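The values are calculated or read from the model by the stated rules, or taken from the named source; none is laboratory data. Please read all numbers here as calculations on a predicted model, not as lab measurements. Here the Cβ positions follow ideal geometry from the backbone for every residue, glycine too, while neighbour counts run over all protein chains shown.
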Amino acid sequence: MSVRTIAVDYLARVEGEGSLRVRVHDGRVDDVELQIFEPPRFFEAFLRGRRYSEAPDITARICGICPVAYQMSSVHAMEQVLGLRVGGQLRALRRLLYCGEWIESHALHVYLLHTPDFLGYPDAVQLAKDDPDTVRRGLALKKAGNALMALLGGREIHPINVRVGGFYRVPSREELDQIRPTLESALDIAEETVHFAAGLPFPEADEDYEFVALQHPEEYAMNEGEIVSNRGLRIPVARYDEEFERAPVGYTHALQSVRKGGTPYLLGAMARYSLNHGQLTPRAKAVAHEVGLEPLVRNPFRSIVVRAVEMVFACEEALRIIAQYDPPSDPWIAPPDPIPAGVGAAATEAPRGLLFHRYRLAPGGQIESAEIIAPTAQNQKRIEEDVRHVVERSLALDDAALTGMCERTIRNHDPCISCATHFLRLDVERT
Amino acid sequence: MAHRPRLAVWKFASCDGCQLTLLDCEDELLAIAGAVDIANFREASSAIVEGPYDLSLVEGSITTPDDAARIREVRAQSRTLVTIGACATAGGIQALRNFGDVAEFQQVVYARPDFVATLATSTAIRDHVPVDFELRGCPINKAQLLEVISAYLTRRAPNLPTESVCIECKRRGNVCVVVAHGTPCLGPVTQTGCGAICPAYHRGCYGCFGPMDSPNTEALTESLHVHGMAPVDVRRVFRTYNAGAPAFHAAAEAAGHEEGAP
């Protein structure tokens with residue numbers, strides 16, 4: 001009998017703190033445990049008693065990499081309770097802000113966290129010594145995304161301009177026009193990035209994912225839509241609980257999301273692309289076609305190409321929104337007085353996938369309960385499946401190489417452990 | 001070849017936003033990497049060089065028994081230790097637990113609270129180890145971070161202002177949101193450094209850089225009342241990202257309270 005243990009005590013190039021344990025017993029994978037030891041911060045507990053209007057700023061602090069996602073899911077959930085319908089240019093500006101976050105977050109992942117894996121470097125700084133142009137491209141893209149967020153949001157990390165009902169101040173036409181050259185150049189770089197990413201060497205993998213994402217009849221979904229999957233799921237967001245559950249599983253007794261019945265699913269760029277690629281912008285579609293990106297991506301290593309395609313989309317979409325922009329007369333829609341009681345649920349597409357928020361408000365607008373389900377919490381179980389399969393395929397590798405493959409497999413999904421505030425560290429007992 | 005200073009970046013309970021600020025220095029990142037040896041920065045690199053380190057940037061607050069021990073190890077390995085952001089300097093938003101019942105919090109959030117190893121409080125790094133400099137902000141400001149790194153590389157003290165947001169707001173040419181629109185604003189008691197962004201976006205400052213040196217929170221509280229904030233909302237506004245900072249803590253305590261509110 002032989003037992004082989006692959007252990008990564010501290011995953012690098014992911015956002016937040018996690019570790020991995022894999023146990024192989026007589027050539028079979030017994031256990032795969034993606035452990036997350038990010039300390040709990042109790043957002044849902046301390047949100048109780050806060051005003052509804054504080055949720056966008058407070059929940060943004062769950063994640064410095066995708067604060068806009070938290071702001072968007074929370075404002076949409078609150079607007080449901082308040083009966084506010086934010087449409088027209090205010091809705092377009094929200095989408096524009098989200099484009100900035102997708103560009104910034106994807107550029108960070110593609111160039112600084114993921115690319116070094118394919119080219120055999122420990123980080124982008126080392127890569128830059130041999131190939132400065134590649135890293136500079138990534139930094140330029142990231143900077144463009146951040147510039148868009150800073151323009152609309154005041155700053156790129158924890159923007160200050162989002163509120164329930166709209167914004168505090170909307171930009172002038174001239175302000176948005178000034179960022180066009182930056183975005184036009186970013187669009188070219190994003191296209192180059194697709195070609196660059198598609199030319200990377202990809203390990204073999206073929207995963208049978210259930211992809212879950214929002215879908216909207218008129219656009220590549222970001223802020224609104226129904227929850228759909230490639231296995232026939234189609235529900236309004238309010239019915240999330242009927243189809244998904246958070247199951248206590250062994251070492252994470254807390255909250256590991258699965259479909260009702262226990263099967264894992266995958267959110268994020270690969271899910272969105274596979275479900276909604278027909279709604280991509282023209283250049284995004286064209287470049288995906290040029291590099292031969294398959295309509296249903298089943299090799300998670302190729303997620304880097306999908307993120308690059310989504311950056312092309314986000315640049316094009318941002319330019320489209322800017323071109324049609326006509327400043328609204330009011331920066332927001334004021335809330336009703338008094339604030340009604342009620343429950344509101346919303347999901348939006350964070351860079352890493354569907355981010356669900358639900359709040360119950362007391363009369364007057366005080367939060368009675370809050371529930372936040374982050375993308376990485378939902379992906380965790382599916383990422384473990386990927387690791388299991390990669391280990392099964394790669395048993396011939398020595399421990400160092402196999403460990404490296406496991407880490408890469410996790411990084412394929414851009415896990416954001418800071419977001420996954422529900423995760424626990426638990427010590428695993430072995431016999 | 002001369003010794004390149006070794007930089008380490010550490011994370012405790014936080015959102016990662018302050019260490020992301022370093023990666024957000026898109027124009028300077030490669031220059032920084034040329035001037036220092038980025039020896040331990042897990043979020044950005046899988047190559048880890050053992051300590052000691054010349055400069056440690058510490059993000060996040062102390063919320064678990066393990067982290068209380070780990071920060072002492074970090075201190076022992078660091079010639080200079082700088083905290084970055086509101087979590088590390090004041091306990092962060094998660095310090096709201098300090099005013100609640102953490103056991104009850106655990107039951108709300110986790111299915112099996114008995115498995116969560118957590119402390120009853122979220123505390124600043126300085127409550128555990130000596131700190132050489134505290135960089136404010138939720139999140140920190142990029143230019144201020146670059147100043148801190150440059151200062152310690154050249155072995156001088158960082159030159160950063162401790163005055164109120166009002167000064168920066170005037171310099172930026174903002175119209176005062178309090179005077180012009182009657183919007184409640186924490187600018188008069190909040191340390192500058194953000195760029196007075198909120199007033200520039202027609203919003204009152206919400207104090208994410210924490211209290212300035214010697215803030216007059218009593219006078220500000222009166223102004224907040226005059227501009228329509230109920231006592232319970234004054235309490236809320238001081239209890240956010242820097243709730244654990246002594247001056248904001250005292251101001252929140254001095255404000256009113258109501259059933260069910262924090």
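Rundown of residues vs (1) farther than 25 Å from A:Gln35 by Cα; (2) in contact with a Cys (Cβ under 8 Å, 6 or more places away or on another chain); (3) in contact (Cβ under 8 Å) with a residue 12 or more places away in the chain; (4) not polar (S, T, N, Q), yes/no style:
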| site | (1), (2), (3), (4) |
| --- | --- |
| A:Glu191 | yes, no, yes, yes |
| A:Leu200 | yes, no, yes, yes |
| A:Val237 | yes, no, yes, yes |
| A:Gln256 | no, no, yes, no |
| A:Ala271 | no, no, yes, yes |
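To keep it simple, each residue is scored yes or no on (1) in contact with a strand residue (DSSP E or B) (Cβ under 8 Å, 6 or more places away or on another chain); (2) closer than 24 Å to B:Thr63 by Cα; (3) of a type in the set (A, V, I, L, M, F, W, C).
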residue	(1), (2), (3)
B:Thr123	yes, yes, no
B:Val131	yes, yes, yes
B:Glu134	yes, yes, no
B:Gln144	yes, no, no
B:Leu153	yes, no, yes
B:Thr162	yes, no, no
B:Gly182	no, no, no
B:Leu186	no, no, yes
Do we find that B:Cys18 is modelled with pLDDT of 95 or more, closer than 22 Å to A:Leu113 by Cβ and either surrounded by fewer than 21 Cβ atoms within 10 Å (Cβ to Cβ) or among the charged types (D, E, K, R) (or both) in this structure? no
Looking at the range B:220-229, is at least one residue within 14 Å of chain A (Cβ to nearest Cβ) and in a helix (DSSP H, G or I)? no
Residue count for the range A:129-147, restricted to those that are in contact with a Leu (Cβ under 7 Å, 6 or more places away or on another chain) and either over 28 Å from B:Ala33 (Cβ atoms) or surrounded by 21 or more Cβ atoms within 10 Å (Cβ to Cβ) (or both): 5
Is at least one residue of the range A:38-54 within 14 Å of another protein chain (Cβ to nearest Cβ) and assigned to a strand (DSSP E or B)? yes
List the number of the failed condition for B:Gln94; all other conditions in (1) surrounded by fewer than 24 Cβ atoms within 10 Å (Cβ to Cβ); (2) in a helix (DSSP H, G or I) hold. (1)
What single numbered condition from (1) more than 9 Å from chain A (Cβ to nearest Cβ); (2) assigned to a loop (DSSP other than H, G, I, E, B); (3) touching a residue at least 12 places away in the same chain (Cβ under 8 Å) fails to hold for B:Cys138? (1)
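Quick grid of which residues meet (1) more than 14 Å from chain A (Cβ to nearest Cβ); (2) of a type in the set (D, E, K, R); (3) in contact (Cβ under 8 Å) with a residue 24 or more places away in the chain:
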{"site": "B:Arg172", "(1), (2), (3)": "no, yes, yes"}
{"site": "B:Gly187", "(1), (2), (3)": "no, no, no"}
{"site": "B:Gly195", "(1), (2), (3)": "no, no, yes"}
{"site": "B:Tyr201", "(1), (2), (3)": "no, no, no"}
Test B:Val129 against the criterion of being in contact with a helix residue (DSSP H, G or I) (Cβ under 9 Å, 6 or more places away or on another chain) and outside any helix (DSSP H, G or I), and give yes or no. yes
Quick check on the range A:113-128. Is at least one of its residues over 18 Å from the mean Cα position of the chain (by Cα), closer than 20 Å to A:Asp330 by Cα, more than 10 Å from chain B (Cβ to nearest Cβ) and part of a helix (DSSP H, G or I)? no
Considering residues that are under 14 Å from A:Tyr70 (Cβ atoms) and either touching a strand residue (DSSP E or B) at 6+ places or on another chain (Cβ under 8 Å) or of a type in the set (Gly, Ala, Ser) (or both), the number found within the range A:146-163 is 2
Just to verify a result, which residue in the range A:77-112, among those that are basic (Lys, Arg) and part of a helix (DSSP H, G or I), is surrounded by the most Cβ atoms within 10 Å (Cβ to Cβ)? A:Arg94
Kindly provide the set of residues from the range B:23-64 that are part of a helix (DSSP H, G or I), more than 7 Å from chain A (Cβ to nearest Cβ) and touching a Lys or Arg at 6+ places or on another chain (Cβ under 9 Å), ordered by number. B:Gly34, B:Ala35
Please indicate, with yes or no, whether at least one residue in the range A:245-259 is surrounded by 20 or more Cβ atoms within 10 Å (Cβ to Cβ), under 18 Å from the mean Cα position of the chain (by Cα) and modelled with pLDDT of 95 or more. no
Collect the residues in the range B:174-185 that are within 14 Å of chain A (Cβ to nearest Cβ) and either farther than 20 Å from B:Asn242 by Cα or surrounded by fewer than 20 Cβ atoms within 10 Å (Cβ to Cβ) (or both), keeping them in residue-number order. B:Asn174, B:Val175, B:Val177, B:Ala180, B:His181, B:Thr183
Report yes if A:Pro295 is at pLDDT 95 or above, more than 15 Å from the chain's Cα centre (by Cα) and not in a helix (DSSP H, G or I), otherwise no. no
Return the residues of the range A:6-18 that are touching a residue at least 60 places away in the same chain (Cβ under 8 Å), surrounded by fewer than 20 Cβ atoms within 10 Å (Cβ to Cβ) and more than 10 Å from chain B (Cβ to nearest Cβ); say none if nothing qualifies. A:Ala7
